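Reading through the structure tokens given below for one structure.
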Amino acid sequence: MIDLPTRYEQVLAKMASACSVSGRSTSEVELIVITKNHPVTLVEQLVDLGHRQFGENRDQEAKPKAFELSASRPDSNPTWHFVGQLQSNKVKSVLQYANVIHSVDRPSLVAELAKQLPKLDRQISGFIELNLTSDPGRGGVLPENLEALASAVLQLENFELLGLMAVAGLGVDPRIDFDRALNSQQILLQVAPQARFLSMGMSEDFEIAIEMGATHIRVGSAITGPRVPTA
């Protein structure tokens with residue numbers, strides 16, 4: 001069984017190789033380790049390895065984990081990324097610990113953020129999630145609605161729009177979906193020239209994502225491995 005430090009170093013090596021192939025510096029790509037379904041002890045191990053960027057997709061798991069890490073590693077100063085579909089009634093809770101939200105995808109969520117963000121004494125940053133499928137029920141804004149949503153997001157107080165987040169569909173060449181995300185990025189840049197970052201690529205396709213310009217990759221199982229059974 002490959003241990004956590006080895007899996008972590010293997011992913012870093014693959015990132016470096018993908019950056020080299022595409023003529024990029026490793027400093028241009030942020031690795032977010034997705035720690036969902038794993039205990040805080042795994043996050044602590046990653047902190048001890050020097051990692052500080054962590055992602056979660058469910059508030060009921062993420063919030064206590066973030067608070068536990070703060071207690072056990074008070075000087076670690078982690079950055080917590082909320083990467084799952086965010087329900088409006090969870091916004092207030094998520095803003096208590098998250099630094100970055102990757103899934104801003106609809107006007108109703110923007111409206112709730114507009115209510116809660118002014119109450120903060122810090123700035124949150126985030127991405128607009130793009131829906132690259134033909135399923136309107138899937139999380140993410142459809143490309144034709146991107147410009148309008150971006151205009152609304154830019155009005156938010158205490159919020160910095162970083163760019164787009166996208167997930168490649170199952171059973172398709174990720175290059176096709178990532179290329180669609182790049183096309184949508186050009187639309188976003190017309191509205192928000194500073195929103196130049198791309199959160200795309202996961203365990204199965206992060207090397208391709210890096211070669212196509214991803215600035216943030218969200219890697220889970222390739223680093224964390226299978227979930228540790230609990231008694």
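One table, with the values for the structure above:
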{"quantity": "Carbon/sulfur fraction of accessible area - the chain, other protein chains in place, 1.4 Å, %", "calculated": "50"}
{"quantity": "Furthest towards positive pole of dipole, LEU130, PHE82, GLN10, structure part the chain, Cβ charges", "calculated": "PHE82"}
{"quantity": "Karplus-derived HN-Hα couplings along the stretch 80-86 (A = 6.51, B = -1.76, C = 1.60, θ = phi - 60°), whole Hz, x at Gly and Pro", "calculated": "9, 10, 8, 10, x, 5, 9"}
{"quantity": "Accessible area of LEU164 in the full protein assembly, 1.4 Å probe (Å², nearest 10)", "calculated": "0"}
{"quantity": "Entries in LYS63/LYS92; LYS65/LYS119; LYS14/LYS63; LYS36/LYS65 that, when Cα-Cα distance is taken, lie over 21 Å", "calculated": "LYS65/LYS119; LYS14/LYS63"}
{"quantity": "Rounded Å value of the spacing that divides the Cα centres of the stretch 109-128 and the stretch 154-231", "calculated": "20"}
{"quantity": "Average accessible surface area per residue within the stretch 158-224, 1.4 Å rolling probe, Å²", "calculated": "41"}
{"quantity": "For the stretch 218-223, Karplus couplings with θ = phi - 60° (6.51, -1.76, 1.60), whole Hz, Gly/Pro x", "calculated": "10, 10, x, 4, 4, 9"}
{"quantity": "The stretch 29-141 - percent relative contact order, Cα under 8 Å, separation 6 or more", "calculated": "20"}
{"quantity": "Charged-residue dipole, Cβ positions (Lys, Arg, Asp, Glu), the chain about Cα centre, Debye nearest 20", "calculated": "460"}
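The values are calculated or read from the model by the stated rules, or taken from the named source; none is laboratory data. The shown structure was predicted, so the numbers you read here are calculated from the model rather than taken from an experiment. All Cβ positions, glycine included, derive from the backbone under ideal geometry; neighbour counts span all protein chains shown. Heads up: the accessible areas ignore ligands, DNA and RNA and are worked out on the full protein's heavy atoms, side chains in. Shrake-Rupley method; radii C 1.70, N 1.55, O 1.52, S 1.80 Å.
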